[in-house]
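Have a look at the structure below, then the notes.
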Amino acid sequence: MSNHEAIYRSQAEQYEYMVGRQPELDEVIKSIRPATGLDVVDLGAGTGRMSRYLASEAASYTATDLSAAMLEVLQRKAEAGGYGARVRTVVADHRELPLADDSADLVVSGWSIGYLASAKQPEWQDNLARVMTEARRILRPGGTMIIFETLGTGVDEAVRLDFLVPYYEQLETHYRFEHQAIRMDYPFESVEEAAQACGFFFGDWLAERIIGRGWSVVPEHAGVWWRHDFCV
């Protein structure tokens, strides 16, 4: 089993090499709430999976993450891409954001809240409530929240992972988020590259499956949950 906390802390470049293969999320975000002219906060932004579009279009873009190393990669990418001056990075926990009330029009979070809201965490319900309270606090009236989470890596069809099912259900029933499934496959040049790049993060079981299936494109399913006027 890979230690994701250690990866986020000290292997940010290797992580970026893997997730950088996935498709952009621009069109998905645009279909829900275009970022043009908005103040955007990206919770758990990591190495900047969504930063290029959001920072380029938004009036302001704030990227938060617990890992300073991940945010450093994000900032370097932004500077290389010519939008570094539009990026603000903040090391922060989702449950206690050092951001002002009513300071955002759009809050996004990709593959991040689930770490706190996993049923493997004894306090997952309290964690989720605190994250949602913070999101509501920083959103202005009419603000939108968009959440991306996994629906299975290395599987043929989307699947609701057992330890995340209560979290998915809370989003849909208690917080009344709409949702849909999307594909986020990882394309590589070879089976060997795919096994090495994905195995370090997901573990030997996936590397073995990639080799056994002969995958140079590793299937990844994800869900997107969103709600408008979330501050209410």
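If you plug the beta carbon distance of Glu96 and Glu157 into 1/(1 + (r/R0)^6) with R0 = 25 Å, you get a FRET efficiency near 0.10. Taking only protein heavy atoms and a 1.4 Å probe, the accessible area of segment 1-149 is 48% carbon and sulfur. Considering only Tyr175, Tyr15, Tyr167, the Gaussian network model of the chain with Cα springs below 10 Å gives its largest mean-square fluctuation to Tyr175. For segment 203-209, the Karplus equation 6.51 cos²θ - 1.76 cosθ + 1.60, evaluated at θ = phi - 60°, returns couplings of x, 4, 4, 6, 4, 5, 5 Hz by residue, with Gly and Pro reported as x.
Computed over the chain with a Gaussian network model linking Cα atoms closer than 10 Å, the most mobile of Arg88, Arg213, Arg160 is Arg213.
Note that segment 153-170 has calculated 3J(HN,Hα) couplings of 10, x, 10, 6, 9, 4, 9, 7, 5, 3, 6, 10, 4, x, 5, 3, 5, 5 Hz, one per residue in order, obtained from phi through the Karplus relation 6.51 cos²θ - 1.76 cosθ + 1.60 (θ = phi - 60°); glycine and proline are x. Tell me whether segment 49-201 comes out rounded, prolate or oblate; compute the Cα gyration tensor, take square roots of the eigenvalues as a ≥ b ≥ c, and use a/c under 1.5 as the rounded threshold. The shape class here is oblate. Fully extending the segment from Glu169 to Arg136 would add 10.0 nm, taking 0.36 nm per residue of separation and subtracting the current Cα-Cα distance.
Scoring 135-141, 180-186, 60-66, 76-82 by mean Cβ neighbours within 10 Å over their residues and listing the highest first yields 60-66, 135-141, 180-186, 76-82. Here the 3J(HN,Hα) profile of segment 21-37, calculated from phi with Karplus coefficients 6.51, -1.76 and 1.60 at θ = phi - 60°, is 7, 6, x, 5, 9, 3, 5, 5, 5, 4, 5, 9, 7, x, 7, 4, x Hz, Gly and Pro shown as x. Projected label points at Asp204 and Arg88, each 7 Å from Cα along the beta carbon direction, are separated by 4.6 nanometres. Working from Cα pairs under 8 Å separated by at least six residues, relative contact order for the chain is 21 percent. Given R₀ = 25 Å, FRET efficiency for His4-Asp229 by Cβ-Cβ distance, to 0.05? Computed FRET efficiency for His4 and Asp229: 0.15.
Counting only protein heavy atoms and a 1.4 Å probe, segment 152-212 has 55 square angstrom of accessible area per residue.
The values are calculated or read from the model by the stated rules, or taken from the named source; none is laboratory data. Computed from a predicted model, the values in this text were never measured in an experiment. FYI the Cβ positions are ideal-geometry reconstructions off the backbone, even for glycines, and counts take in every protein chain you see. Areas reflect the complete protein model, heavy atoms only, side chains present, ligands, DNA and RNA absent. Shrake-Rupley method; radii C 1.70, N 1.55, O 1.52, S 1.80 Å.
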